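Values in this text are rule-based calculations from the coordinates and carry no lab data. Bear in mind that the values here come from a model prediction, so they are computed numbers and not experimental data. Reconstructed Cβ throughout: ideal geometry from the backbone, glycine too, with neighbour counts over all protein chains shown.
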Amino acid sequence: MRSARFIRATLLAATAITLCAGALSVSAQPNRGRDDDDEQFDRQDLRDAYRRGYERGYDRGYRKGMAEGDRRPPPIPAPPPPPATPVLGPIKVTSAYYGTSAKSCDATRYVARQSNGKRTHSFKVTNEMCGDPSRGDRKELQVTFWCGEVSRSASAREHQNIYLNCF
């Protein structure tokens, strides 16, 4: 879409050309009582007037464009600060269950005694934690713990190592 300034400038130029063309066509008609010097003088005056009008319009448009360019847009607001990084601290075990979905035992005390207060800790999952809750079945240890303000969980199957990490 064209700007109003462009349309206005186009209309002004078209009007000036029409007026100039009309004046030239009148002065180009056969000499009716004028001598050649007057006709030559009239044509030169029209050319000069047209050139001056064109230059004034050009200068006016140039100044207006420069004034618009000098105007500054409103400042862009600063982006919001990044979210605060959660504070990580030492391991604090909240729950630990060892067994199957049908039978399990509470291994929280055993895991907490070994892991609380450390940044990382790994150990082997065995029946020593709280006995064998389901003989012959594949068992799993599921631990939920806090690292400062962040809650985490870890799990491992029987006879594998579990790794608790607060980094």
Checklist entry - If you project the alpha carbons of region 91-165 onto the principal axes, what extent comes out on each, in Å, largest first? => result 37, 19, 16
Next on the checklist: Can you compute the modelled spin-label distance between L88 and E158, with each label point 7 Å from Cα toward Cβ, in nm?
Outcome noted: 3.3 nm
Next on the checklist: With +1 assigned to the C-beta of every Lys and Arg and -1 to the C-beta of every Asp and Glu, and no other charges, what is the dipole magnitude of region 65-151 about the Cα centre in debye, to the nearest 20?
Outcome noted: 360 debye
Checklist outcome for this item: In terms of the alpha carbon gyration tensor, root eigenvalues a ≥ b ≥ c, rounded if a/c is under 1.5 and otherwise prolate when a/b exceeds b/c or oblate, region 39-123 is prolate
Item to check | Positive-end extreme of charge dipole, region 36-136 - chosen from A112, G65, P81 (charges on Cβ) | outcome: A112
Checklist outcome for this item: Expressed in nanometres to one decimal, the distance between label points 7 Å along Cα→Cβ at Y54 and A78 is 5.4 nm
Checklist outcome for this item: Taking r as the C-beta separation of E128 and V150 and R0 as 41 Å, the FRET efficiency to the nearest 0.05 is 0.90
